[in-house]
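In what follows, a structure is listed as structure tokens, so that the remarks can point back to it.
The values are calculated or read from the model by the stated rules, or taken from the named source; none is laboratory data. On a predicted model such as this, the values are computed, not experimentally measured, just so you know. Every residue, glycine among them, receives a Cβ derived from its backbone with ideal geometry; neighbour counts consider all protein chains shown. Each accessible area value is taken on the protein alone, full model and side chains, heavy atoms only, with ligands, DNA and RNA left out. Shrake-Rupley method; radii C 1.70, N 1.55, O 1.52, S 1.80 Å.
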Amino acid sequence: MWPIRLSARTLWAGAALVALAGCAGQPSKPVSAERSPELAKQAHPSTVPANAPDNDEIDDTRGPDADVIRRDYVPHEWPEPARDLWSAIRHDFSLAPNAKRRSVRAWTQFYATHTDHLDASLARAQPFLWHVVQQIEARDMPGEIALLPIVESGYNPAAKSYAGASGMWQFMPGTADHMRLTRDWWYDGRNDPLASTDAALNYLQALNDRYNGDWFLALAAYNAGPGRVDRAIERADREGISTAYWNLELPEETQEYVPQLLALRRIMMTPARFGLDWPTLANRPRTRHVSLPAQTDMQIAADMLGMSEDALRKLNPGLRRWASDPNRPTQLLVPSAKADAFESRLAQIDPSKLVDSAHHTVRRGDSLSRIAQAYDVSVASLRQANDIHGSRIGVGQRLTIPRPGRAAEPAADVPSQTYVVQSGDTLWHIANRYNVSVASLKRANDSAATSLRIGQKLDIPGAARPPAPTTYVVERGDTLWSIARTNEVSVADLRRWNRMTPGASLSPGTTIALDGPSELPNFYEVEAGDSLWSIADRFSMQVATLRSLNNMSAQSTIRPGERLRLQPAVSS
């Protein structure tokens with residue numbers, strides 16, 4: 001949904017950053033005939049009866065996907081819908097195929113020749129697909145909607161785009177707020193697979209009502225925003241052109257959005273024709289919600305479930321911290337086979353044993369920054385965990401320490417990832433960022449960590465994981481100095497963590513990181529005065545890496561307005 005963001009032609013979000021090899025370029029845009037004024041207006045040009053024959057599903061080997069169509073293939077044998085989830089989705093298809101359109105054929109070729117994308121998406125969908133299908137069927141929506149998260153995020157509930165969209169359905173913050181998806185320090189509903197599905201389907205249904213049952217217009221509005229679609233319809237009306245989706249003047253990504261979904265539909269109709277063997281997936285839930293009786297540490301929950309914390313977090317990416325929210329009931333998504341035993345253990349355990357936190361009684365001379373440094377946590381996380389606004393604490397006050405670094409250390413200091421030292425880093429900054437103690441960081445790097453230098457590589461102990469930095473939305477009247485003072489950090493750190501150039505000003509509504517580097521964006525738009533060196537320096541990377549990511553030679557130049565990739569495209 002708007003603004004324009006992640007798409008299959010640009011990048012694929014996944015559980016790990018894996019460079020996409022051999023990625024095809026942007027498929028050809030629809031030919032002008034598809035936008036012809038002579039096309040007749042239809043009441044609902046996006047839908048057909050579910051049982052209607054797919055007359056568009058023909059062997060047209062003259063199109064752009066001619067090289068992937070097979071003439072001598074054995075038709076795919078689909079199980080009964082009651083037994084197989086993908087069959088149930090296919091059985092409920094009701095969108096007009098539009099398979100003859102050049103853009104649909106081009107995207108068919110893209111998916112049929114980039115099977116890593118498709119395979120990874122179908123695998124990531126498994127824990128959530130049954131719930132998605134149940135909600136779609138309850139709303140009597142087209143079965144094709146269950147394929148939309150493949151287009152949006154590759155079915156990755158933790159996916160994030162450079163524009164700020166997040167989750168399986170790629171909600172922008174404003175739209176998430178409009179659909180009442182909770183977003184706070186503890187939890188982001190955009191990344192909750194089930195909550196975001198409910199919100200996305202409610203939103204799509206509302207858009208479908210807005211456009212009198214035209215699903216193609218509803219999908220276009222989901223991608224580009226209803227205001228933009230409304231203006232395109234008004235323009236077409238003034239020019240006497242059909243207001244069907246195919247004829248509207250919409251952003252390029254929105255023009256390609258529906259064809260991507262229809263290409264997936266087309267492949268599912270006859271996968272063997274495109275050289276694919278569509279997997280089976282039993283029509284039953286693989287996960288279910290379990291209500292937590294009190295604040296629960298994710299590691300403790302994982303131990304009770306007999307699974308790794310990473311695996312549990314992949315099912316619950318909406319939970320942003322080491323534990324659930326202490327002030328709000330939380331439902332944890334767990335494997336169905338483990339749910340009953342987990343509920344039984346929760347009923348028997350002392351709720352105070354469900355959270356791994358320490359407590360500190362404030363003594364004379366204490367400050368938030370001193371306490372945070374003593375426990376290897378950030379001031380911002382200490383403030384959030386205790387609902388403290390500002391820096392005032394009182395002698396005798398009992399503070400909750402959110403999962404201390406020492407408690408999060410691995411049993412063995414086995415390095416599992418590498419950190420490249422940036423300008424201004426200290427061992428304490430790095431240890432705090434990765435939720436480990438300075439001592440364990442030193443042990444993992446022997447004497448190499450005694451003195452740091454820019455560009456130096458440090459091994460991070462195996463159980464460490466970098467939490468997302470605490471963020472703050474700038475309000476009118478804020479300055480870097482006032483924000484730094486309130487959060488007990490330096491202005492220099494704020495500038496460094498947020499990659500702000502000297503003299504850069506704050507704008508109300510901007511989100512800035514308060515206790516660690518902000519996430520590296522996928523793209524950067526070149527500004528006047530930029531050079532490859534200045535951009536590489538700003539984002540703490542080598543010029544050679546920047547050139548490699550953008551297929552640039554040593555003689556390549558950049559110009560204002562050009563978008564440079566900062567992270568590799570991913571496929572799984």
- Query: So Asp119 fits all but one of (1) under 17 Å from Leu261 (Cβ atoms); (2) under 20 Å from the mean Cα position of the chain (by Cα); (3) open to solvent by 10 Å² or more (accessible area, probe 1.4 Å); what number is the exception?
  - Reply: (1)
- Query: Of everything in segment 422-441 that's β-branched (Val, Ile, Thr) and open to solvent by 20 Å² or more (accessible area, probe 1.4 Å), which residue is modelled with the lowest pLDDT?
  - Reply: Val438
- Within segment 277-305, residues being surrounded by fewer than 17 Cβ atoms within 10 Å (Cβ to Cβ) and without any contact (Cβ under 8 Å) to a residue 40 or more places away in the chain number 1
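Can you spot a residue in segment 371-382 that is outside any helix (DSSP H, G or I) and at pLDDT 90 or above? Steps first, please.
Of segment 371-382, the ones outside any helix (DSSP H, G or I) are 375-378.
Narrowing the set further to residues that are at pLDDT 90 or above leaves none.
Among the residues of segment 371-382, not one is outside any helix (DSSP H, G or I) and at pLDDT 90 or above, which makes the answer no.
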- Message: For segment 442-456, which positions are of a type in the set (A, V, I, L, M) and at pLDDT below 75?
- Response: Ala448, Ala449
- Query: All but one of (1) within 24 Å of Trp86 (Cβ to Cβ); (2) at pLDDT below 95 hold for Leu261; which doesn't?
  - Reply: (2)
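Across segment 457-472, which residue is modelled with the highest pLDDT among those that are aliphatic (A, V, I, L, M) and open to solvent by less than 30 Å² (accessible area, probe 1.4 Å)?
Leu458
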- Message: So in segment 248-276, with the set limited to residues that are polar (S, T, N, Q) and open to solvent by 10 Å² or more (accessible area, probe 1.4 Å), which one is nearest to Gly225 (Cα to Cα)?
- Response: Gln255
- Residues Arg363, Arg328, Arg313, Arg320: which one is over 30 Å from Tyr155 (Cα atoms) and of a type in the set (Lys, Arg)? Arg363
- Message: Against the condition at negative phi, touching a Lys or Arg at 6+ places or on another chain (Cβ under 7 Å) and open to solvent by 20 Å² or more (accessible area, probe 1.4 Å), how does Ser308 come out, does it pass?
- Response: no
- How many of the residues making up segment 519-570 are open to solvent by 80 Å² or more (accessible area, probe 1.4 Å), more than 30 Å from Ile150 (Cβ to Cβ) and modelled with pLDDT of 80 or more? 8
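Go through segment 148-210 and tell me which helices (runs of 4 or more DSSP H), entirely inside it, have 3 or more residues that are open to solvent by 10 Å² or more (accessible area, probe 1.4 Å).
Ranges flagged: 173-178, 193-210.
So for segment 229-241 (the condition being in contact (Cβ under 8 Å) with a residue 12 or more places away in the chain, in a helix (DSSP H, G or I) and under 21 Å from Leu148 (Cα atoms)), does at least one residue qualify?
yes
One line per residue, one yes/no per condition, for (1) aliphatic (A, V, I, L, M); (2) out of contact with any helix residue (DSSP H, G or I) (no Cβ under 9 Å at 6 or more places or on another chain); (3) more than 22 Å from Asn283 (Cβ to Cβ):
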site	(1), (2), (3)
Pro79	no, no, no
Ser94	no, no, no
Lys100	no, yes, yes
Phe110	no, no, yes
His117	no, no, yes
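What number of residues within segment 122-154 satisfy the criterion of being within 18 Å of the chain's Cα centre (by Cα) and not aliphatic (A, V, I, L, M)?
Residues in segment 122-154 being within 18 Å of the chain's Cα centre (by Cα) and not aliphatic (A, V, I, L, M): 8 in total.
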- Task: Would you check if there is a residue in segment 104-113 being at pLDDT below 95 and assigned to a loop (DSSP other than H, G, I, E, B)?
- Result: no
- Task: Under 6 Å between Cβ atoms, at least 6 apart or on separate chains: pull out the pairs that start in segment 345-357 with a residue that is open to solvent by 50 Å² or more (accessible area, probe 1.4 Å) and end on any residue that is in a helix (DSSP H, G or I) and at pLDDT below 85.
- Result: Asp356/Ala407
- Task: Determine whether Asp310 is touching an Asp or Glu at 6+ places or on another chain (Cβ under 7 Å), acidic (Asp, Glu) and closer than 30 Å to Phe128 by Cα.
- Result: no
- Filter segment 91-111 for residues that are surrounded by 21 or more Cβ atoms within 10 Å (Cβ to Cβ) and among the aliphatic types (A, V, I, L, M); which is farthest from Val133 (Cα to Cα)? Ala106
